[in-house]
Amino acid sequence: MAAQPKPLYVRELNYLEGGGIYGWLTTIDHKRIAVLYGLTALVMLLFGGVEALLVRTQLMVPNNHFLTAQQYNQFFTMHGLTMIFLVIMPLETGFFGNFLIPLQIGARDVAFPRLNALSYWVFLLGAITINLGWIWGALPNDGWFGYANLTEKFYSPGINIDFYDIGLLILGVSSVMSALNFFVTIINMRAPGMTFFRMPMFIWSLLVTTILILLAFPALTVGLIFLFMDRYFDTHYYQVIAGATPMLWQHLFWIFGHPEVYIMILPAFGLISEIIPVFSHKPLFGYPMMAYSLILIAFLSYGVWGHHMFATGMGPIADSTFAITSMLIAIPTGIKIFSWVATVWGGRLQFSTAFLFAIAFVLQFTIGGLSGVMHASPPIDLEQTDSYIIVAHFHYVLGLGALFAILGALYMYWPKITGRLLNEKLGKWNFWLAVWSFNATFFPMHFLGELGMPRRIYTYPPHMGWDFWNYWETINAYIIALSFIILAINVWWSLQYGERAAADPWDARTLEWSTPTPPPVYNFAAVPTVMARDAFWVAKYGNVEATGLEQSNVAATAPSLVDVSKIHIPAPSLYPVFIALGVFGMGIGMLVEWYRVVLMGAALLAISVISMTFEYPTWGREDPHAVAESFLSLDSRKVGIWSFIGSECVFFASLISTYMVYKARSTGPFDADILNIPLTSFSTFVLLMSSLLMVLALAGYQRNDKFWGTFWLIGTAIFGCIFLGGQVYEFGDFWLNEGMLFNSNLFSQCFYTLVGFHGFHVFIGVCWLVTLAVAGMLGKIDTRRSLAVELGGLYWHFVDIVWVVIFTLVYLMRTIKHA
């Protein structure tokens, strides 16, 4: 008898092997997606580094004409955007997050593998969108913060800001999808016995980071939508002449922007908290307080955005409030620094490159943190704002902070990712050059700031006292580039000639080191049971700390002991690529104003989403593998939809808040008295009744009554269409009979935007319900698959509740007169 081919799961134990280009395009393996994120971010690091060197070269000597003013504006803007959105975030969450989260919590994959792949491809195309300006010679040019009203068409008539606006909108979609996926994975996919206070600290940091992303990015999305409308539809969200205020952008941006600082630095805290205990051969000191301090940082981060706006004249009460919260946030940060120092103290230290970068992070971040506390004081901030002291501060936090943590983690986890060790001698050269050059570049910026050098100037006259330090900083910026060239050589050397790594080369503490190196496609042959914190360390040595003892010979569960051919591994899919291309097509179509391309992209998006929904026969079925055995006892998809709803609440809160503020500032002929209360009351009644029909539809499918379940689903969709018809009639009446255009005044634009976006959500819900109804008529929904209807129902009820709030505030409170 001919020999049977080995099952896929046995043949491809190494996740890096096999599949070719098509395999990488269709992969939904979290480890491969991590590699894709890492490669993309490293390419973007090259772009960001070149942009930084161009900026520093221009500032090397006074009255330099190496760059024009416009080129300089484009390069410093792109450097900020690239390093924040395309390097640090994707390396921390996309690369390390994707690779480590399932391995550290004892899971075989993330909660939503195809959504994970989709988030990468959307990220990649968002990065391409922002960088398309290289082809047009029109890169974003108003700073990474995009302050209004410099971004209005009058001041920025080209398409530079359109690349910024649309690119960030696409990247925001990717970030929210990743955050939702990681949040559900951590909450619901932990191995048996892994309670919250047995999770590795990196998992804690990612859990808090995902919450920050879900609650912060919607505010930025709303701000970008307003900017998009100002530029494409001639609205006036940021124009004083129409009664608006540019401060709206700053509030929306910094409500996102300061949590964004912690979105970048909290994963770095987590990585450092993994490195230091391993190379100190001690458990992390003060673990509970480290976890609580992460939560406190996240909570306080939403009350500090105003310290970016002390110079805008918010008033003494607002200034005092934001100053207090900005100072308070130093307390949980100090707890972390104390815990890291206490972990190192008395430890059996192993001065590897990873450990050196970790120690450097603690020292350098402390410097950046101390200068940050200074800026919490409004009088000091007023003197130092928009000076080079600010540039020094955030480069110490992110350059010598987050980037050093990433480099340390790269040296530590490279063996697990590739199966080979990096060269320690080259690593030491990389470290010492980086420490010297980063400090020599950015510390003198404190001096330049005190000497009065402002940010964002492309040239300066001689004899201002700035000449020497700018020359010095530029020379050392090139040494930074040299340190990264050494890193690139080290990576190449490792891949070609590096020593083969053992499964646990560092005598580590957490579960990822219990797997083979590189990990197999299924991660764990047998899902581990966690009995204590630092689960792998306890498995090796027991509950007694093993400092000074030789490592015992503990191996991972061997694949030969388990029939790995029966391990469920999600099948690959090409639909994430198609969906991302649909999003990209819509964005490019708007950039060049080819609306046929927009429609084609939307069609590809819709078709691909529906097709992916029916790609596997198990859709809509309760999945016992997606439920944590000892915790929530909820299907991951339920946790996911509730997480999405929470993020959407912030989106609508931002829209409603803008309407309530601008309603009182609106000038012109139109106000809330124009609204058609009888018609909208009827539409509201119909929408609320649709929720009742949705409940009946779910009940029908749960008792396996397919006819009535489908009947009520169709009824819900019809009621939704009636509601949308009422909105279309009301909009048309305002437009044609009353003359209230989209950009007539602040009231009209806020009204159309708020009600219109809710209508868009209803439209999405109707499409969802129609898809479910068709599936029901085809016999694809029964009791086992009623979860699909339940998820659609949760979304539909959310849309209805949001409308009740909008109807109350916009229609029933319409008689409130202007201030």
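The values are calculated or read from the model by the stated rules, or taken from the named source; none is laboratory data. Keep in mind that this is a model prediction, so the values were computed, not measured. Counting neighbours? That spans all protein chains shown, and the Cβs are built from the backbone with ideal geometry, glycine included. All accessible areas refer to the heavy atoms of the entire protein, side chains included, with ligands and DNA or RNA removed. Shrake-Rupley method; radii C 1.70, N 1.55, O 1.52, S 1.80 Å.
Note on Met660/Ile128: beta-carbon distance plugged into 1/(1 + (r/R0)^6) with R0 of 56 Å gives a FRET efficiency of 0.90. Note on segment 235-312 and segment 678-711: Cα centroid distance 42 Å, given to the nearest whole angstrom. Calculated translational diffusion coefficient of segment 248-333 (20 °C, 1.002 mPa s; Stokes-Einstein with Kirkwood radius over alpha-carbon pairs) equals 149 µm²/s.
Using the Cβ-Cβ distance between Trp708 and Ile610 with R0 set to 25 Å, the FRET efficiency works out to roughly 0.55. Legend: calculated FRET efficiency, Ala342 to Ser320, from the Cβ-Cβ distance at R0 = 30 Å, rounded to 0.05, equals 0.30. Kindly identify segment 136-267 as rounded, prolate or oblate by the Cα gyration tensor criterion: order the square roots of the eigenvalues as a ≥ b ≥ c, call it rounded if a/c is under 1.5, otherwise compare a/b with b/c, prolate if a/b is larger, else oblate. Taking the square roots of the gyration eigenvalues as a ≥ b ≥ c, segment 136-267 is prolate.
Of the solvent-accessible surface of the chain, computed with a 1.4 Å probe and all protein chains present, 71% belongs to carbon and sulfur. The mean sequence distance of close C-alpha pairs (under 8 Å, at least 6 residues apart), as a share of the length of the chain, puts its relative contact order at 16 percent. Between Ile331 and Val240, the simple spin-label model (points 7 angstrom out along Cα→Cβ) gives 4.0 nm. Scaling the Cα radius of gyration of segment 72-112 by the globular reference 2.2 N^0.38 Å produces a ratio of 1.66.
Taking each DSSP H run with n ≥ 4 as -39500 (n - 2.57) and averaging over every residue of the chain yields -21000 deg cm²/dmol at 222 nm.
Computed with a 1.4 Å probe on the full set of protein chains, the accessible area for Asp109 sits at about 20 Å².
Ranking Arg32, Arg665, Arg703 from most to least accessible surface, computed with a 1.4 Å probe over the protein chains only, gives Arg703, Arg665, Arg32.
Using a/c under 1.5 as the rounded threshold, could you call the chain rounded, prolate or oblate? The axes a ≥ b ≥ c are square roots of the C-alpha gyration tensor eigenvalues, and prolate needs a/b larger than b/c, oblate otherwise. Oblate is the answer for the chain, as a/c is 1.5 or above yet b/c matches or exceeds a/b.
Between Arg784 and Tyr22, the modelled label-to-label distance comes to 3.0 nm, taking each label 7 Å out from Cα in the direction of the beta carbon. Near the amide H of Ser387, within less than 5 Å, lie the amide hydrogens of Arg455, all on another chain or at least 5 residues away, with H placed in the peptide plane.
For the chain, a crude dipole built from +1 on the beta carbon of Lys and Arg and -1 on the beta carbon of Asp and Glu, taken about the Cα centre, is about 1440 debye to the nearest 20.
Extension gain Val804-Thr366, at 0.36 nm per residue separation less the Cα-Cα distance, in nm?
Once the chain is fully extended between Val804 and Thr366, it gains 152.9 nm.
Ligands, DNA and RNA excluded, the heavy atoms of Asp635 present near 10 Å² of accessible surface to a 1.4 Å solvent probe. Averaged per residue, the chain has 39 square angstrom of accessible surface, using a 1.4 angstrom probe with ligands and nucleic acids left out. Take the Kirkwood radius over Cα pairs of segment 26-155, plug it into Stokes-Einstein at 37 °C and 0.692 mPa s, and you get 201 µm²/s for translational diffusion. Note on surface exposure: Phe217, Phe484, Phe66 rank Phe66, Phe484, Phe217 by accessible area, highest first, 1.4 Å probe.
Dipole of the chain computed with +1 at Lys/Arg Cβ and -1 at Asp/Glu Cβ about the Cα centre; of His761, Gly158, Ser339, farthest Cα towards the positive end is Ser339.
Going by accessible surface with a 1.4 Å probe and the largest first, Thr82, Thr57 read Thr57, Thr82. Here the simple spin-label model places points 7 Å from the Cα toward Cβ, and for Leu679 and Ala526 these points are separated by 6.8 nm.
Put simply, when 580-591, 521-532, 337-348 are sorted by average Cβ atoms within 10 angstrom per residue, most first, you get 580-591, 521-532, 337-348. Farthest toward the positive end of the dipole of the chain, out of Ser326, Ala268, Thr418, is the Cα of Thr418, where the dipole comes from beta carbon charges about the Cα centre.
The spacing between segment 566-581 and segment 419-444, judged by their C-alpha centroids, is 39 Å.
Taking a ≥ b ≥ c as the square roots of the eigenvalues of the Cα gyration tensor of segment 631-776, is the shape rounded (a/c under 1.5), prolate (a/b larger than b/c) or oblate? It comes out oblate by the Cα gyration axes. Arg190 sits with roughly 10 Å² accessible to a 1.4 Å probe, with DNA, RNA and ligands left out of the calculation. Using alpha carbons only, the radius of gyration of segment 14-91 set against its Kirkwood radius gives Rg/Rh = 1.21.
Computed from backbone phi, the HN-Hα couplings of segment 445-454 come to 5, 4, 5, 4, x, 5, 7, x, 6, x Hz, rounded to whole numbers (Karplus: 6.51 cos²θ - 1.76 cosθ + 1.60, θ = phi - 60°; Gly and Pro given as x).
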